[in-house]
1. Report Rg(Cα)/(2.2 N^0.38 Å) for region 55-119, keeping two decimals.
2. Name the chymotrypsin sites (Phe, Trp or Tyr not before Pro) in region 51-114 that are in a loop by DSSP and that have at most 16 other C-beta atoms within 10 Å, would you?
3. Report in % the part of the accessible area of region 76-122 that belongs to carbon and sulfur, leaving out ligands and nucleic acids; probe 1.4 Å.
4. Which of the lysines could be linked to Lys96 by a straight reach, that is with a Cα gap under 30 Å, when you skip same-chain ones fewer than 8 residues away?
5. For region 46-122, which trypsin sites (Lys or Arg not before Pro) are in a loop by DSSP, counting at most 12 other Cβ atoms within 10 Å?
6. Whole number in Å², please: accessible area per residue of region 66-106, 1.4 Å probe, ligands, DNA and RNA not counted.
7. What GluC sites (Glu not before Pro) in region 36-92 are in a loop by DSSP, with at most 16 other Cβ atoms within 10 Å of the Cβ?
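The values are calculated or read from the model by the stated rules, or taken from the named source; none is laboratory data. Worth saying up front: this structure is predicted, and the values here are computed from it rather than measured. As a convention, Cβ positions derive from the backbone with ideal geometry for all residues, glycine included, and neighbour counts pool all protein chains shown. Surface areas here come from the heavy atoms of the whole protein model, side chains and all, with no ligands, DNA or RNA. Shrake-Rupley method; radii C 1.70, N 1.55, O 1.52, S 1.80 Å.
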Amino acid sequence: MKKWLIAICIMMTAMLVMTACGSNDSESSEPEGNGEVKEFTINASNFEFDLKEIKVNKGDTVKITLKNTEGNHAVKFDGYNKEVKADDTLSFVANKTGEFQYECSIFCGAGHSDMVGKLIVE
Ligand SMILES: [Cu+2]
């Protein structure tokens, strides 16, 4: 009788530990939305982004890679408070609908203010 109880206790503890580890895993990995994963590459030059519009659906995981083909630029997404630097990939879940401007966040020269684009989340 006692051994049987101990066995159940061990099994329940093991299950709890496994559940805890499982949730930790999902927290430490990349954010996951309930939509698709959409990948984009923005090529930045003086003074333009080659990608001026990014369109996704709410719940999609957006992955954005920034490449600087000329000059030094970074991209900041208004409304989401996210930024991607050169040769880096930003990943976030588009959990808010609307139109959000993105812009160069490094002052790069005369055309800096022209470096804008639009993130559309439907
Ligand atoms: Cu700039």
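1. Details: Rg = 12.0 Å, N = 65, 2.2 N^0.38 = 10.7 Å.
Ratio of Rg to 2.2 N^0.38 Å for region 55-119: 1.12.
2. Phe107
3. With neighbouring chains kept in place, the figure for region 76-122 is 45 percent.
4. Answer for Lys96, where 30 Å is the Cα cut-off: Lys38, Lys52, Lys55, Lys58, Lys63, Lys67, Lys76, Lys82, Lys85, Lys118, listed by chain and number.
5. Taking region 46-122 and a limit of 12 other Cβ atoms within 10 Å, the loop trypsin sites (Lys or Arg not before Pro) found are Lys52, Lys96.
6. Numbers: 2110 Å² over 41 residues.
Result: 52 Å² of accessible area for each residue.
7. Filter output for region 36-92: Glu36, Glu70.
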